[in-house]
Amino acid sequence: MITSKPEVKNLFCIFNFIINKYPESQLISCETKKKQRWRYALTKIAKNKITILANYFSELNSLLDSLENYSLCKKHYNNVVARDSFINQLKKANNLIFLDEESKRKRLKLSDNDNDKLQAYCNFEIQVSLSDPEYENKINELTHLNKQLLSEINELKHLNKQLLSENEILKKKLDSRFANQEDHIEAIIDIAKKE
């Protein structure tokens, strides 16, 4: 027997029960106009938004595996799925108040047995957040060494410019040495005397 997918307008809007259970959520009511457009809750974008909202409405977690049985009315699609305004509003308020009582107890429960775990967690946080003096010393040494190397590089650049300038002067002297015939004859006489 082949079962066909139910028509989307015959499915229950997934956000309808949240409106009834959490009127303080400020989620708008479903739109039930006769000629409105309904969408499946199983689409990729709808599923992503519903997954995000499950952080604020824990009941949605149990529905994530059965999204094919739910739809989205036009108002909820436009205000929750197509736009991020409702999710941003929840993020700003950091509303965890919409979690069911069991989830609240799991988050807030701290028994005597958990005190040791909490203490270990706190110690871990302290260890991670404290700076390592040896590491700080190495950073300072490397910074100092880096400054020293940059200074030496600048000094070598200056010396290189100076040597290039002197080399250029010597080239000009050599080129101008035999500029005329008299200088050439004098140079030959000097060489002959030295021999």
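The values are calculated or read from the model by the stated rules, or taken from the named source; none is laboratory data. Remember, predicted model here, so these are calculated numbers, not experimental data. Glycine also receives a Cβ, built like all others from the backbone with ideal geometry; neighbour counts cover every protein chain displayed. To get the accessible areas, we keep the full protein, side chains included, count just its heavy atoms, and leave off ligands, DNA and RNA. Shrake-Rupley method; radii C 1.70, N 1.55, O 1.52, S 1.80 Å.
Just checking, does region 107-120 include any residue being open to solvent by less than 50 Å² (accessible area, probe 1.4 Å) and either assigned to a helix (DSSP H, G or I) or at pLDDT 50 or above (or both)? Looking for residues that are open to solvent by less than 50 Å² (accessible area, probe 1.4 Å) and either assigned to a helix (DSSP H, G or I) or at pLDDT 50 or above (or both), one finds at least one in region 107-120, hence yes. Scanning region 36-63 for residues that are loosely packed, with under 14 Cβ neighbours inside 10 Å and farther than 18 Å from PRO6 by Cα turns up LYS44, ILE45, ASN48, THR51, SER62.
Only residues that are out of contact with any helix residue (DSSP H, G or I) (no Cβ under 8 Å at 6 or more places or on another chain) and free of Cβ contacts under 8 Å to residues at least 12 places away in the same chain were counted in region 11-36, giving 4. Being assigned to a helix (DSSP H, G or I) and without any contact (Cβ under 8 Å) to a residue 12 or more places away in the chain is the filter here, so list the residues in region 37-86 that pass it. LYS44, ASN48, ASN61, SER62, ASP65, SER66, ASN78, SER85 - these are the residues of region 37-86 that are assigned to a helix (DSSP H, G or I) and without any contact (Cβ under 8 Å) to a residue 12 or more places away in the chain. The set of residues from region 13-29 being of a type in the set (A, V, I, L, M, F, W, C) and either farther than 14 Å from PHE86 by Cβ or open to solvent by 90 Å² or more (accessible area, probe 1.4 Å) (or both) comprises CYS13, PHE17. Filtering region 147-190 to residues that are assigned to a loop (DSSP other than H, G, I, E, B) and not aromatic (Phe, Trp, Tyr) leaves ALA179, ASN180.
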